[in-house]
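Read the structure below first, then the notes.
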Amino acid sequence: MKPEKWNNFAEYINGEFIKEHNWHSAKAIKKYKDHIVVFDNHIAYQTVNNTTTTQIYTRVTIPINTNYEFNFEVYRRSLLSSIGKLFGMQDIEIGHTKFDRDFIIKSNNGFKIKQLLNNPEVRQSLEQLKGIYITTSKKEGIWGKKLPKGKTELTLYTYDDITDFEMLKAFYDLLTTLTDKLESMDYIKSEAI
């Protein structure tokens with residue numbers, strides 16, 4: 001999204017706008033309780049045989065301090081992920097037939113991910129949003145430098161340049177709902193970041 005649109009979105013959510021600098025995109029930031037929610041784009045370049053392709057991702061990230069290790073990924077099943085499952089890719093089922101059929105769930109803790117995804121509000125939000133990936137990451141912005149011990153980022157990203165403010169607000173709502181649920185599971189330390 002162009003910087004002026006991120007500025008407009010920041011105003012739309014009563015947040016703060018941060019101008020682009022160096023290779024970092026412009027950002028919109030909104031506080032949620034003791035957390036900071038960061039909206040931005042990540043641009044990846046790949047060159048093969050003198051041809052460069054560009055992929056623009058939309059990211060929404062909440063840096064968090066954690067009490068214990070709990071990593072997960074949740075994303076909608078696709079043809080590629082279905083093929084991956086045939087070749088042994090791990091997939092956790094949570095006991096909701098439609099959700100288990102439609103989503104790939106990976107985690108280092110099957111009990112905790114089931115506890116998180118058995119929340120009807122979380123499942124309904126995930127089912128309504130297309131083409132998103134939810135993950136905990138030990139790297140800044142998923143693809144950046146490694147975060148210090150005890151720090152994680154809860155991130156939602158998509159392979160599209162999302163410009164629809166209502167869609168971005170739905171991303172915010174889902175991540176803050178997940179944050180609340182993770183706090184109730186004592187995963188997130190209660191002090192401010």
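Computed over the chain, the per-residue total of -39500 (n - 2.57) for DSSP H runs of n ≥ 4 gives a 222 nm mean residue ellipticity of -9500 deg cm²/dmol, rounded to 500.
Note on surface exposure: Glu4, Glu183 rank Glu4, Glu183 by accessible area, highest first, 1.4 Å probe. Between the amide H of Leu147 and those of Lys139, Glu140, distances stay under 5 Å, these residues lying 5 or more places away or on another chain, with hydrogens modeled in the peptide plane. Quick one: check the C-alpha center-to-center distance for the stretch 19-80 versus the stretch 136-191, whole angstrom. The distance from the Cα centre of the stretch 19-80 to that of the stretch 136-191 comes to 9 Å.
Once fully extended, how much extra length lies between His24 and Ile56, figured as 0.36 nm per residue of separation less the alpha-carbon to alpha-carbon distance? Could you put the intermediate results ahead of the total?
Working: separation 32, 0.36 × 32 = 11.52 nm, distance 1.23 nm.
Difference between extended and current length: 10.3 nm.
When the trypsin sites (Lys or Arg not before Pro) in the stretch 98-157 are filtered for DSSP coil states and for at most 15 other beta-carbon atoms within 10 Å of their beta-carbon, the remaining sites are Lys130, Lys138, Lys145, Lys149.
What FRET efficiency comes out for the pair Lys33/Arg101, r = Cβ-Cβ distance, R0 = 35 Å, nearest 0.05?
Details: r = 34 Å, r/R0 = 0.97.
Using R0 = 35 Å, I get an efficiency of 0.55.
Using heavy atoms of the protein chains and a probe of 1.4 Å, the accessible area assigned to Thr97 is about 110 Å².
Rounded, prolate or oblate: which fits the stretch 1-67, taking a ≥ b ≥ c as square roots of the Cα gyration tensor eigenvalues, rounded meaning a/c under 1.5, else prolate when a/b beats b/c?
Values: a/c = 3.24, a/b = 1.64, b/c = 1.97.
Verdict is oblate for the stretch 1-67.
The overall shape of the chain, judged from the alpha-carbon gyration tensor, is oblate: a/c is not under 1.5, and a/b is no greater than b/c. Evaluating 6.51 cos²θ - 1.76 cosθ + 1.60 at θ = phi - 60° for every residue in the stretch 60-73, the Karplus couplings come out as 10, 10, 10, x, 9, 9, 10, 8, 7, 6, 7, 10, 7, 9 Hz, glycine and proline recorded as x.
Rounded to the nearest 10 square angstrom, Glu140 shows an accessible area of 80 square angstrom against a 1.4 Å probe.
Past the 27 Å Cα-Cα mark, which pairs from Lys31/Lys151; Lys5/Lys181; Lys30/Lys98; Lys149/Lys169; Lys112/Lys189; Lys31/Lys149? Mind showing how you got there, number by number?
Working: Lys31/Lys151 18 Å; Lys5/Lys181 31 Å; Lys30/Lys98 33 Å; Lys149/Lys169 30 Å; Lys112/Lys189 16 Å; Lys31/Lys149 23 Å.
Among Lys31/Lys151; Lys5/Lys181; Lys30/Lys98; Lys149/Lys169; Lys112/Lys189; Lys31/Lys149, the Cα-Cα distance tops 27 Å for Lys5/Lys181; Lys30/Lys98; Lys149/Lys169.
Tell me the per residue accessible area of the chain using a 1.4 Å probe; a whole number in Å² is fine.
Numbers: 10780 Å² over 193 residues.
Counting only protein heavy atoms, the per-residue value for the chain is 56 Å².
With a 1.4 Å probe and all protein chains in place, put Ser137, Ser107, Ser190, Ser78 in order of accessible area, largest first. Write out the running numbers ahead of the final one.
Working: Ser137 15, Ser107 35, Ser190 100, Ser78 60 Å².
So, going from the largest accessible area down, we get Ser190, Ser78, Ser107, Ser137.
Across the accessible surface of the chain, with the other protein chains kept in place and a 1.4 Å probe, carbon and sulfur atoms take up 51 percent.
The values are calculated or read from the model by the stated rules, or taken from the named source; none is laboratory data. All figures in this text were calculated on a predicted structure; none of them were measured in a lab. Virtual Cβ from ideal backbone geometry, glycine too; neighbours counted across all protein chains shown. Note: areas computed on protein heavy atoms with side chains; ligands, DNA, RNA excluded. Shrake-Rupley method; radii C 1.70, N 1.55, O 1.52, S 1.80 Å.
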